[in-house]
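The values are calculated or read from the model by the stated rules, or taken from the named source; none is laboratory data. The structure presented is a predicted model; accordingly, all values stated were derived computationally and were not measured. Here Cβ is always computed from backbone atoms with ideal geometry, including for glycine, and neighbour counts include all displayed protein chains.
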Amino acid sequence: MKSKSLVSIDQCTKEDILRILDNAARFEANPNRVLLEGKVAATLFFEPSTRTRLSFETAVNRLGGRVVGFQDASTTSSSKGETLKDTILMVSNYADLIIMRHYLEGAARYASEVTGIPVINAGDGANQHPSQTLLDLYTIRQTQNRLHDLQITIVGDLKYGRTVHSLIVGMSHFNPSFHFVAPEELRMPDEQKHFCDKQGIPYVEHTDFTEEIINHSDILYMTRVQRERFTDLEEYERVKNVYILRKDMLSQSKANLRILHPLPRVNEIAYDVDDSPKAYFIQQARNGLFVRQAILCDVLGINHLI
Amino acid sequence: MSAQKKKALQVATLENGTAIDHIPPEHLFKVAFLLELEKLDTNTITIGNNFQSKKMGRKGVIKIADKFFKEDELNRIALIAPNVILNEIRDFEVVRKCPVSLPDELKGLVKCNNPRCITNNEPMPTHFTVIDKEKGTLRCRYCERKINKEDIIIK
């Protein structure tokens with residue numbers, strides 16, 4: 001890489017993670033800081049993602065920078081057949097950094113190789129979405145006052161869920177124990193389990209989502225079980241209601257338990273859970289702003305100004 | 001070696017060139033294809049298969065006169081026949097015997113099996129990291145998808 005880019009959570013050391021989280025905490029205390037004055041950030045969203053885009057654009061704006069870009073590739077020259085490389089090089093002539101979402105996997109790494117300005121990966125297909133992982137880690141630390149030695153239960157689509165795979169990598173520096181709760185068809189892939197084995201991270205797999213598992217947990221990370229992931233629709237009908245969290249399931253849970261979700265949720269968290277002080281997914285999304293402010297300063301090398 | 005013996009072995013003996021030994025018989029023609037032997041129109045080439053081998057039961061052998069391969073040409077062989085031995089022969093003597101082995105990185109040789117990988121949608125070379133040399137497992141540098149040896153497609 002010619003410049004400092006954030007492409008994947010795998011590239012972050014424990015120190016990188018802690019530095020970004022510490023800086024994010026400073027932005028939470030004071031989000032309006034003029035650190036990017038005179039800088040232009042390009043938000044290139046080759047596929048739409050409203051939440052991620054608004055959060056990045058707000059982060060740039062609150063830091064006093066300006067934003068150019070597009071939110072739908074159908075209006076750009078990539079729809080005329082322009083290569084990604086040409087688009088990236090063209091934008092690099094104008095902007096100081098690129099925030100990029102792409103439907104193809106590996107697009108962000110490739111972009112970071114062809115340009116001299118920093119690239120922040122805001123999601124490349126089913127592959128990586130490192131700012132989501134960092135905001136998950138920030139939220140976990142915020143709610144537990146630590147990252148070390150936590151019991152983390154992850155529920156739902158563990159096979160295709162990129163946020164889940166990245167969360168395991170991000171947490172691997174902090175001695176976690178995991179419970180993986182998923183239907184048979186959406187179990188945690190061997191690759192992630194081998195990763196845990198190699199790192200000495202204990203985990204238990206479950207197909208039933210029970211109160212007993214919840215009662216042991218510090219963090220309950222819910223994800224969406226999507227109908228289109230199933231080859232067998234009967235199996236989907238059978239399991240779709242098994243992985244729904246209801247408020248009554250929390251009655252014996254630990255006082256420090258917090259419920260996270262990368263959002264959007266559909267029906268995997270019943271609406272009665274929203275009233276529980278343990279529901280934390282809306283605050284989690286809010287943290288995305290501070291974490292992205294910290295990421296912007298990190299890739300631009302201006303941490304010393306924070 | 002006597003002059004008489006030399007004459008008797010003429011078909012298979014090389015004065016100068018490369019002898020590739022211990023090719024698994026089922027991969028012999030694929031190795032020939034990967035080395036693009038059909039493009040060599042002046043070199044004498046001997047291809048033999050199903051020779052008896054103490055090491056592997058049966059084996060294939062390819063001998064190419066007056067041809068020495070570059071490293072990236074040899075890397076191609078390691079993808080399908082990792083235990084092959086290359087003998088570089090000069091003046092009837094084996095001057096170098098080298099087992100082929102997968103390099104740490106493979107650029108431009110292998111196709112990524114993931115249709116949603118950027119390398120299958122953009123005019124660019126592929127780039128794989130060899131994550132297990134014994135098993136021949138690769139990982140795409142871009143989409144991070146793992147490819148097992150049996151699923152490798154050579155470009």
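Can you pull out the residues in segment A:73-126 that are outside any helix (DSSP H, G or I), small (Gly, Ala, Ser) and under 17 Å from B:ASN120 (Cβ atoms)?
Across segment A:73-126, the qualifying residues are A:GLY81, A:GLY106, A:GLY125, A:ALA126.
Among the listed residues A:GLU57, A:GLU15, A:GLU82, A:GLU47, identify the single one that is over 24 Å from A:HIS102 (Cα atoms) and not polar (S, T, N, Q).
That would be A:GLU15, the only listed residue that is over 24 Å from A:HIS102 (Cα atoms) and not polar (S, T, N, Q).
Give the residue that is farthest from A:VAL60 (Cα to Cα), with candidates limited to residues of segment A:276-306 that are without any contact (Cβ under 8 Å) to a residue 12 or more places away in the chain and of a type outside the set (Lys, Arg).
So, considering only residues that are without any contact (Cβ under 8 Å) to a residue 12 or more places away in the chain and of a type outside the set (Lys, Arg), the one farthest from A:VAL60 (Cα to Cα) is A:PRO277.
Residue by residue through segment B:102-155, note down the ones that are within 11 Å of another protein chain (Cβ to nearest Cβ), farther than 24 Å from A:HIS102 by Cβ and buried (at least 17 other Cβ atoms within 10 Å of the Cβ).
B:THR137
Quick one: count up the residues across segment A:112-132 that are within 14 Å of another protein chain (Cβ to nearest Cβ) and farther than 13 Å from A:VAL299 by Cβ.
9
In segment A:33-72, which residues are of a type in the set (Asp, Glu) and touching a residue at least 40 places away in the same chain (Cβ under 8 Å)?
A:GLU47
Within the group A:ASP274, A:ASP232, which residue is modelled with pLDDT of 95 or more and farther than 30 Å from A:CYS12 by Cα?
A:ASP274
Right, A:SER79: polar (S, T, N, Q) and either surrounded by 14 or more Cβ atoms within 10 Å (Cβ to Cβ) or away from chain B (no Cβ under 14 Å) (or both) or not?
In short, no.
Just to be sure, is A:VAL273 over 25 Å from A:GLN144 (Cβ atoms), among the β-branched types (Val, Ile, Thr) and either in contact (Cβ under 8 Å) with a residue 60 or more places away in the chain or touching a Lys or Arg at 6+ places or on another chain (Cβ under 6 Å) (or both)?
No: the conditions fail for A:VAL273.
Condition (residue is more than 14 Å from chain A (Cβ to nearest Cβ), surrounded by fewer than 19 Cβ atoms within 10 Å (Cβ to Cβ) and on the phi > 0 side of the Ramachandran plot) applied to segment B:84-97: is it met by at least one residue?
Yes - at least one qualifying residue is present in segment B:84-97.
Can you tell me how many residues within segment A:158-198 are surrounded by fewer than 14 Cβ atoms within 10 Å (Cβ to Cβ) and more than 24 Å from A:VAL239 (Cβ to Cβ)?
Qualifying residue count, segment A:158-198: 3.
Suppose we filter A:ILE140, A:ILE98, A:ILE154 for residues that are away from chain B (no Cβ under 14 Å), within 26 Å of B:THR126 (Cα to Cα) and surrounded by 24 or more Cβ atoms within 10 Å (Cβ to Cβ); which single one remains?
A:ILE98
Return a yes/no flag: does segment A:47-65 have any residue that is among the hydrophobic types (A, V, I, L, M, F, W, C), within 14 Å of chain B (Cβ to nearest Cβ) and not in a loop (DSSP other than H, G, I, E, B).
The answer is no, given that none of the residues of segment A:47-65 is among the hydrophobic types (A, V, I, L, M, F, W, C), within 14 Å of chain B (Cβ to nearest Cβ) and not in a loop (DSSP other than H, G, I, E, B).
Among the residues in segment A:238-260, are any within 24 Å of A:ALA29 (Cα to Cα), in contact (Cβ under 8 Å) with a residue 60 or more places away in the chain, out of contact with any Phe, Trp or Tyr (no Cβ under 6 Å at 6 or more places or on another chain) and surrounded by 21 or more Cβ atoms within 10 Å (Cβ to Cβ)?
No, segment A:238-260 contains no residue that is within 24 Å of A:ALA29 (Cα to Cα), in contact (Cβ under 8 Å) with a residue 60 or more places away in the chain, out of contact with any Phe, Trp or Tyr (no Cβ under 6 Å at 6 or more places or on another chain) and surrounded by 21 or more Cβ atoms within 10 Å (Cβ to Cβ).
Go through (1) farther than 14 Å from A:ASP298 by Cβ; (2) more than 14 Å from chain B (Cβ to nearest Cβ); (3) without any contact (Cβ under 8 Å) to a residue 12 or more places away in the chain; (4) surrounded by 15 or more Cβ atoms within 10 Å (Cβ to Cβ) and name the single condition A:LEU18 misses.
(1)
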